[in-house]
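A short worksheet on the structure shown next.
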Amino acid sequence: MTVLSFEDFTPGHFGRFGPRRVTREEIIAFAREYDPQPMHLDERAAQASMLKGLSGSGWHLGSLMMRMLCDGFLLKTKSLGSPGIEEMRWMSPLRPGDDLLLDVDVVEARVSKSRPQTGIVTFKCYMRNGHGQMLAEMVSAIIIGRRDQAATAG
């Protein structure tokens, strides 16, 4: 298996991942456990809400985004963690039956000043449904090991 290093991430479009279908049952199960608001649990209440129908929690959408990042490339990367999410925006509701597609761009890649054996890669992720409707955007940096750590020591 190829392991991706900092040097493999250059600014520009990195990849598209998915599709990943979301079911009604998943939406309700996630909501029961983590975000039990009526628009995520009950179809009648959801219809009466501003969302006009059952919708997944934004946190569910963020979790799905993370899973797609891991399955797509992060688990094959010298990832050392993240200093955090810089931006997370929910733009349209996640609906039962949505087929999710995740586009990932590299916004910036720079060598760490304090740990030159690592780099910091900033990604911008765009989650769309199968109709092309934008559901969410996220900007996050990930600390990634460099390919030849011996060459950067000292």
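Bear in mind these aren't lab numbers, they're just calculated from the coordinates by the rules spelled out. Please read these numbers as outputs of a predicted model, since none were measured by experiment. When we count neighbours, we look across all protein chains shown, and the Cβ atoms used for this are built from the backbone with ideal geometry, even at glycine.
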Could you tell me the center-to-center distance, by alpha carbons, between the stretch 85-154 and the stretch 1-23 in angstrom?
9 Å
Per the helix-only model, the chain has a calculated mean residue ellipticity at 222 nm (DSSP H runs of ≥4, -39500 (n - 2.57) each, divided over all residues, rounded to the nearest 500) of -7000 deg cm²/dmol
Lys, Arg +1 and Asp, Glu -1 on Cβ, resulting dipole of the stretch 1-91 about Cα centre, debye, nearest 20:
240 debye
What ranking do 135-146, 17-28, 104-115 get when scored by the average of other Cβ atoms within 10 Å per residue, highest first?
135-146, 17-28, 104-115
Expressed as an acute angle from 0 to 90° and rounded to the nearest 10, what is the orientation of the C-alpha long axis of helix 24-34 relative to the principal long axis of the chain?
70 degrees
Residues with beta-carbon under 10 Å from that of Ala109, excluding Ala109: net charge, scoring Lys, Arg +1 and Asp, Glu -1?
-2
Along each of the three principal axes of the Cα atoms of the stretch 70-154, give the extent in whole Å, ordering the values from largest to smallest.
52, 22, 16
Of Val104, Pro19, Ser114, which is farthest on the positive side of the dipole of the chain, counting Cα position, with +1 on Lys and Arg Cβ, -1 on Asp and Glu Cβ, and the Cα centre as origin?
Ser114
Output row, site Thr2, 7 Å Cα→C-beta label point, backbone N cut-off 17 Å, window the stretch 76-90, residues 76-79
For Lys78, the lysines lying under 26 Å Cα to Cα, once residues fewer than eight places off in the same chain are dropped, come out as Lys113, Lys124
Length gained, Arg16-Asp35, 0.36 nm per residue minus C-alpha separation, equals 4.0 nm
Can you give the Kirkwood hydrodynamic radius for the stretch 29-94, in Å, rounded to one decimal and based on Cα pairs?
13.6 Å
Net charge near Met88: determine it from the other residues with C-beta under 14 Å of the C-beta of Met88, scoring Lys and Arg +1 and Asp and Glu -1.
-1
Between 0 and 90 degrees, rounded to the nearest ten: what's the tilt of helix 58-72 against the longest Cα principal axis of the chain?
40 degrees
Let me see the pair-distance distribution of the chain: every alpha carbon pair, 5 Å bin width, integer percents in order.
2, 9, 17, 19, 16, 12, 9, 7, 5, 3, 1, 0, 0
Peptide ranges 32-38, 121-127, 51-57, 3-9 listed from the most packed, as the mean C-beta count within 10 angstrom indicates
121-127, 51-57, 3-9, 32-38
Which value, in debye to the nearest 20, gives the size of the charge dipole of the stretch 39-154 about its Cα centre, when Lys and Arg are +1 and Asp and Glu are -1 at the Cβ?
400 debye
